[in-house]
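Since the structure comes first, as structure tokens, the remarks are kept for the end.
Readers should treat all values here as calculations from the given coordinates under stated rules, not as data from a laboratory. These numbers come from a predicted model, not from an experiment.
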Amino acid sequence: MSHSDMDNTVLIVDDDSSIRWVLARALSNAQFKVLSCDNGQQAISMIESARPQLVITDIQMSGMDGLELLASINQQWPDLPVIMITAYADTDLATKTHELGAFDYLPKPFDINHVIKLCQRAVDSKRERQELPLWLQQIEKKIDSEYHQGNSEILIEMQQQFEEFVVESALRLTQGHKQKASKVLGWGRNTLTRKLKYWQEHSEPRTEEE
């Protein structure tokens with residue numbers, strides 16, 4: 001499926017007009033639909049009205065900076081991926097953005113081909129997260145139907161293995177972010193933590209074969 005067959009709207013937020021122009025041109029040529037603005041407050045309004053699939057924002061901006069914008073997006077639109085860009089190749093800052101829930105970190109100057117690939121990966125990740133709950137419901141319905149028809153012990157084991165697989169997939173899709181993974185799974189805030197703890201406590205120890 002080509003980019004043009006899907007909603008690949010990207011919002012670029014940067015107070016440097018030259019950066020906005022370069023990114024907008026490159027992403028438009030890659031068949032993304034591009035919106036842009038120069039501050040965080042306007043970005044919030046545009047997200048509310050346009051519902052983009054991805055936000056790319058600079059960190060260093062006057063007024064609401066990129067980290068404040070990221071925090072606001074995570075609170076209001078937790079499934080919306082955010083890529084942070086900055087002029088400073090600071091590994092501590094990169095770690096901080098990931099901890100705050102950014103999809104990825106992009107230091108300037110950046111390679112346009114890398115930006116395009118990263119944007120597509122972010123959009124694909126969002127789409128997969130949106131599709132997972134329906135897929136999960138369909139599989140669970142099938143397991144429930146089979147359970148009421150026959151071999152309960154095998155099906156119970158299958159259901160547990162499937163649940164572990166889905167949890168691992170949700171964590172992978174959200175890059176290990178437990179709060180976002182819980183939202184993907186449609187679970188309460190503490191359910192994922194309890195399940196991970198239970199599986200860890202009840203997992204069989206692995207022995208190395210000589």
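Things to note:
- Amide H to amide H, with H built 1.01 Å from N, Leu35 comes under 5 Å of Val10, Leu11, Ile12, counting only residues 5 or more places away or on other chains.
- Subset of Lys108/Lys180; Lys126/Lys178; Lys126/Lys197; Lys117/Lys183 violating a 19 Å alpha-carbon distance limit: Lys108/Lys180; Lys126/Lys197; Lys117/Lys183
- Calculated over the range 3-123: convex hull of Cα atoms, volume per residue (Å³): 89 Å³
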